[in-house]
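The numbers here are math on the coordinates, done by the rules we state, and not lab data. Source: prediction; values computed, not measured. Backbone-built Cβ (ideal geometry, glycine too); neighbour counts: all protein chains shown.
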Amino acid sequence: MDPSQPSDRINYILNDSQPTLLITDRPLDTSIEFDRKVIDVTKKDALANLSTDNLNHITDVSDLMYVIYTSGTTGNPKGSCPYEGVMNRLNWMIDEYDFNEEEIIMFKTPYTFDVSVWEIFDSLW
């Protein structure tokens with residue numbers, strides 16, 4: 001979420017998406033309504049006590065990977081994309097553009113825009 005958005009919009013997104021964890025790079029504004037776990041990565045010890053073990057891979061191709069919220073006044077989800085849709089696109093891009101582990105991918109798109117998904121995950125793939 002873009003922290004520069006109005007708190008009503010942020011609260012709508014949090015309430016609608018029901019995340020169990022919020023990772024942030026700043027303290028939450030007091031108007032943000034979130035009562036679950038928050039990790040502020042700017043705090044020195046925020047990550048110190050977390051496990052470094054790999055997580056169990058429990059995703060299914062039909063699992064939801066992300067939801068993009070519109071910039072319109074209603075704030076309703078613009079659309080969602082399942083894991084298999086993202087992986088299909090990533091595999092196509094890797095094959096089409098011959099990406100390999102030596103590639104450097106420029107991250108130029110705001111993370112709140114859907115195109116950012118390809119820039120984020122191509123570099124991790």
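Between ASP63 and TYR111, the FRET efficiency from the beta-carbon distance, with R0 = 25 Å, is close to 0.80. Estimated purely from DSSP H runs of n ≥ 4, each contributing -39500 (n - 2.57), the mean residue ellipticity at 222 nm for the chain is -8500 deg cm²/dmol once divided by its residues. When both bridge partners sit in the chain, DSSP labels roughly 55% of those beta bridges antiparallel. Starting from the Cα gyration tensor of region 1-53, take the square roots of the eigenvalues, sort them a ≥ b ≥ c, and report rounded, prolate or oblate (rounded when a/c is under 1.5, otherwise prolate if a/b is larger than b/c, else oblate). Note, shape of region 1-53 comes out prolate. Here the gap between ASN49 and ASN88, fully extended at 0.36 nm per residue and compared with their Cα-Cα distance, gives a gain of 10.5 nm. Overall size of the chain from C-alpha positions, given as principal axis extents largest first: 47, 39, 29 Å. For region 1-28, the residues whose amide N sits under 19 Å from a probe point set 7 Å from the Cα of ASN56 along the beta carbon direction are 20-21.
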